[in-house]
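A.B. asks: I have a structure I would like to understand better, so I am pasting it below and will then ask my questions one at a time.
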């Protein structure tokens, strides 16, 4: 059964949404996740579902949005030709206990995706380090849970709690012992 879209979209009457960057800065984020090309044509901030984006590309539709989103059950595979047309992939999290977006992000990065990768929806700020290590470089939490002040106050700090992870990950491909052996990390004493 497909996972429902997060309700986090910027429209009048809804709270504004914000994006936390890896450097700790916070900025307004405008996005409307849509599932059909027809809806994307009339929406300036459209983020089109990847299958609909591929159909529109094949049909020669123009202009195509440069941002796509993947449902949690979709295989995270973007060809090099598709990647050249895209600038951002958004991975929605419908609830914070669903780890599929973590796996999708890791697989996208390991398969060569170098564009923006945004976590969008129902995650906790406590999960920021894990999201970062999976390859996300932007974080758009549900505004009903975290407003701009919370992101500015807590977001940057939580991204730096573990500056040198031990394990290898999508963001840091070598484990700490190898980075130390190559002189990439200072030896620290507690």
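A.B. asks: Give the whole-number value, in cubic angstrom per residue, of the convex hull volume spanned by the C-alpha atoms of the chain.
C.D. replies: Taking only Cα atoms, the chain has a hull volume of 131 Å³ per residue.
A.B. asks: Pull out the extension gain between residue 126 and residue 81, defined as 0.36 nm times the separation in residues minus the alpha carbon to alpha carbon distance; nm, one decimal.
C.D. replies: Using 0.36 nm per residue and subtracting the Cα-Cα distance, I get 12.7 nm.
A.B. asks: Ranking request for peptides 153-159, 120-126: highest mean number of other beta-carbon atoms within 10 Å first, then the rest in descending order.
C.D. replies: On the way: 153-159: 16.9, 120-126: 20.4.
Ranked by mean Cβ neighbours within 10 Å, highest first: 120-126, 153-159.
A.B. asks: With each pseudo-label sitting 7 Å past Cα toward Cβ, what's the residue 39-residue 178 distance in nm, one decimal?
C.D. replies: 4.2 nm
A.B. asks: Give the shape of the range 28-78 as rounded, prolate or oblate, defined through the alpha-carbon gyration tensor: a ≥ b ≥ c are the square roots of its eigenvalues, a/c under 1.5 means rounded, and otherwise the shape is prolate if a/b is larger than b/c and oblate if not. If you can, show how the numbers build up before the last one.
C.D. replies: Numbers: a/c = 1.92, a/b = 1.06, b/c = 1.80.
Oblate, since a/c reaches 1.5 and b/c is not below a/b.
A.B. asks: For labels at residue 160 and residue 54 in the simple 7 Å Cα→Cβ model, what's the distance in nm?
C.D. replies: 4.1 nm
Only the coordinates and a few stated rules stand behind these numbers; no lab work does. For clarity, every value in this text was computed on a predicted model and none was experimentally measured. Ideal geometry is used to build each Cβ from the backbone, glycine not excepted, and the neighbour counts take in all protein chains shown.
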